[in-house]
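First the structure, in the form of structure tokens, and then the observations on it.
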Amino acid sequence: MSRCPVRYLYDPLLHQACNARGDNYWYCYIQDILDQMGLTAAPAASSDLTANGLDDVEVLILPALASGYLSEAHRTALRRWVAEGGMLVGLGTEGLDQLFGVEQTGSIEQTGDPWTYTATLKLTDPELARPLYCPDVPDAPLLCVSPVRLVSGGERELAHLHSVEGEDLLAPAVTLRQVGRGRACYFAFDLCQ
């Protein structure tokens, strides 16, 4: 893997399988999202998720993977890498709940079309949140437009989930956990969708 501090896991077979089912592989937009944020990022293959494969990586973003996608060797390498100073970001990722410090308690499936929102969220730090909200409606919730994993735990809650009707779902939308010298940030939804 060439030197690039920000990487995102990309598996073309996941992309092809999703498209073969007639579904949009929303995660393919991660590069565009990162570009819009001004972040230079490059794809990483699952074969890069090794003790040495992540040496030059500072941030690794994972898609909404099924719990059986990552092998025990991958999970061990990721735990070690985070503890040594890496920043892991999971976008609805399953199979790494212990590393993210969360436990699934339920889910909200997306009904209707792929643009139907399933929940709303509010950032818990007003100063951090200010640039994301419309100045005319500073308390308006942000929308989750993907299935949601309801989780408990998380060392620090960065955003909180509410139903589309505004009911408190008693669950975090985004968490951050210190792991050794590194951090693990978990989104309970697919940010790319």
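No lab work stands behind these numbers, since they all come straight from the coordinates. Note that the structure is predicted; figures quoted are calculated from it, not measured. Using ideal geometry, Cβ is built from the backbone for each residue, glycine included, and neighbour counts are taken over all protein chains shown.
In the chain, what percentage of the DSSP-assigned beta bridges are antiparallel, given to the nearest 5?
The antiparallel fraction comes to roughly 60 percent.
Dividing the convex hull volume of the alpha carbon atoms of the chain by its residue count, what do you get in Å³ per residue?
Dividing the Cα hull volume of the chain by its residues yields 126 Å³.
Loop by DSSP (not H, G, I, E, B), at most 16 other beta-carbon atoms within 10 Å: where is the longest site-free stretch of the chain for GluC sites (Glu not before Pro)?
Of all site-free stretches, the longest is 1-57.
Using 7 Å Cα-to-Cβ label points, what is the residue 84/residue 163 separation (nm, one decimal)?
4.7
On a 0 to 90° scale, report how tilted helix 72-83 is relative to the longest principal axis of the chain, with both axes built from alpha carbons and the result rounded to the nearest 10.
Computed tilt is about 80 degrees.
From the square roots a ≥ b ≥ c of the eigenvalues of the alpha-carbon gyration tensor of region 1-100, which class results: rounded (a/c under 1.5), prolate (a/b over b/c), or oblate? Please report the intermediate quantities before stating the final value.
Values: a/c = 1.77, a/b = 1.21, b/c = 1.46.
Oblate.
Could you tell me whether region 87-193 comes out rounded, prolate or oblate from its Cα gyration tensor? Rule is a ≥ b ≥ c as square roots of the eigenvalues, rounded for a/c under 1.5, then prolate if a/b exceeds b/c, otherwise oblate.
Oblate.
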